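This report refers to the structure that appears directly beneath it.
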Amino acid sequence: MLGKQKNRTPNSSPPAGRAEFAPNEVELAMLKEKALFSRLEAIRLIEIAKVGHYTSAFSAAELFASLYYGVMRLKPGEPNWAERDRFMMGKGHAAVGLFPILADLGFFPTEILDGYTRLGNPLGDHPDMRKVPGIDFSSGSIGHALSAGCGMALAGRILGKDFHTFVMIGDGELQEGQVWEAALFGAHNRLNRLIGIIDRNGYQLDGAVDDIITVEPIVDKWRSFGWETHVVDGHDVGAVTTLLRSLKADTARDRPVMVVAETVKGKGVSYMETEPGWHLGYLDPVDAERAIAEIKAMEIRG
């Protein structure tokens, strides 16, 4: 449950008629395994740093897995491939769940993970595109990623490239005015290869998002700004992958897309879910063992 969170956008499935984009059973099993991998590696890396953003990474684990293993056009081992799809996230503090995936894809040696946040290591609490192969945007200063995504999408059009640009933003990030300036820009320029994803986990650093400043009705707001808008269960890798694949394949669309992914902050660890105090924290050995056991036992939808 989502505690005091209120006025949430209801869950919905991807639009009908998109079955051809659904992952098969083998793909589904792989996507679920990669989401679990992201969570478990996040715990391991934060053990090295002694503090980190577990819950923000956990709410996005299925989104990361779907994007990097089921949706985006990438070449393993070639992070700078010019034709790749681009990805950036405003909630850069969730990078601890993304770095293991980049290493798994061969964008940098896996041994680099073992020095996470240590002096001289390129991996920090937030992603740095100047240091980390596979990172397309240095983020963490909330509110800027969608603007950068608009710029990348527009640049792709000018250069005659057909890559897609994906931008993940937190729901608390919607309280930033620059997000809505970017929304205007994207719709005005009809950036049809720009796909935004809101990690609607309901919580930010100070508590429930809609207790701080409500962001609802999210779907109506984005539609009023001229964006095609969809809602999906963000922990259902099958639904997420199916929807995003279908959006990539839609060549008739003349506007950007915003996907509202309904998620749970801290998903997979019962005592973290929707508990604001875990936005930034550290697991002692006993709690870490319990968290790992719960994650390994969790059932990912798909």
Restricting attention to the range 52-85, the residues that are over 23 Å from D171 (Cβ atoms) and in a loop (DSSP other than H, G, I, E, B) number exactly 13
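Is it the case that the range 189-200 has a residue that's open to solvent by 10 Å² or more (accessible area, probe 1.4 Å), touching a Cys at 6+ places or on another chain (Cβ under 8 Å) and in contact (Cβ under 8 Å) with a residue 12 or more places away in the chain? Before you say what the answer is, go through the steps one by one.
Initially, the range 189-200 is screened for residues open to solvent by 10 Å² or more (accessible area, probe 1.4 Å), giving 189-190, 192-193.
Filter once more, keeping what is touching a Cys at 6+ places or on another chain (Cβ under 8 Å): 189.
With the extra rule that they be in contact (Cβ under 8 Å) with a residue 12 or more places away in the chain, the set shrinks to 189.
The answer is yes, given that some residue of the range 189-200 is open to solvent by 10 Å² or more (accessible area, probe 1.4 Å), touching a Cys at 6+ places or on another chain (Cβ under 8 Å) and in contact (Cβ under 8 Å) with a residue 12 or more places away in the chain.
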Within the range 232-251, the residues that are buried (at least 24 other Cβ atoms within 10 Å of the Cβ) and touching a His at 6+ places or on another chain (Cβ under 8 Å) are L243
The residue from R73, R44 that alone is over 30 Å from L119 (Cα atoms) and surrounded by fewer than 21 Cβ atoms within 10 Å (Cβ to Cβ) is R73
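Listed residues D220, D254; which is exposed (fewer than 14 other Cβ atoms within 10 Å of the Cβ), at pLDDT 95 or above and not in a loop (DSSP other than H, G, I, E, B)?
Details: D254 fails: not in a loop (DSSP other than H, G, I, E, B).
One residue alone meets the criteria, D220.
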- Message: Tell me whether the range 280-294 contains one or more residues that are in a strand (DSSP E or B), in contact with a helix residue (DSSP H, G or I) (Cβ under 7 Å, 6 or more places away or on another chain) and either of a type in the set (A, V, I, L, M, F, W, C) or farther than 22 Å from I197 by Cβ (or both).
- Response: yes
Pairs returned, first residue in the range 98-115 that is without any contact (Cβ under 8 Å) to a residue 12 or more places away in the chain, second residue that is part of a loop (DSSP other than H, G, I, E, B) and not polar (S, T, N, Q), beta-carbon separation under 8 angstrom, 6 or more apart or interchain, are A103/P109; I112/P122; I112/L123
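Just to be sure before I move on: is D199 under 24 Å from H279 (Cβ atoms) and part of a strand (DSSP E or B) in the structure I sent? Before you say what the answer is, go through the steps one by one.
Working: under 24 Å from H279 (Cβ atoms): yes; part of a strand (DSSP E or B): yes.
Against the criterion (under 24 Å from H279 (Cβ atoms) and part of a strand (DSSP E or B)), D199 qualifies.
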Residue pairs within 8 Å by beta carbon, gap of at least six or interchain, first lying in the range 30-52 and basic (K, R), second open to solvent by 50 Å² or more (accessible area, probe 1.4 Å) and part of a helix (DSSP H, G or I), listed first then second, are K34/D104
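Could you list, in sequence order, the residues of the range 96-141 that are aliphatic (A, V, I, L, M) and open to solvent by less than 60 Å² (accessible area, probe 1.4 Å)? Give the steps one after another, and end with the answer.
Filtering the range 96-141 down to residues aliphatic (A, V, I, L, M) leaves 96, 98, 101-103, 105, 112-113, 119, 123, 129, 132, 135.
Answer for the range 96-141, where residues must be aliphatic (A, V, I, L, M) and open to solvent by less than 60 Å² (accessible area, probe 1.4 Å): V96, L98, I101, L102, A103, L105, I112, L113, L123, V132, I135.
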Quiz item: Based on what the data block shows, is T55 within 22 Å of L280 (Cβ to Cβ), surrounded by fewer than 18 Cβ atoms within 10 Å (Cβ to Cβ) and hydroxyl-bearing (S, T, Y)?
Solution: no
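The values are calculated or read from the model by the stated rules, or taken from the named source; none is laboratory data. This structure is a prediction, so every number in the text was calculated from the model and none was measured. We place every Cβ from the backbone using ideal geometry, glycine too, and count neighbours over all the protein chains shown. Surface accessibility is based on the protein's heavy atoms, side chains included, excluding ligands, DNA and RNA. Shrake-Rupley method; radii C 1.70, N 1.55, O 1.52, S 1.80 Å.
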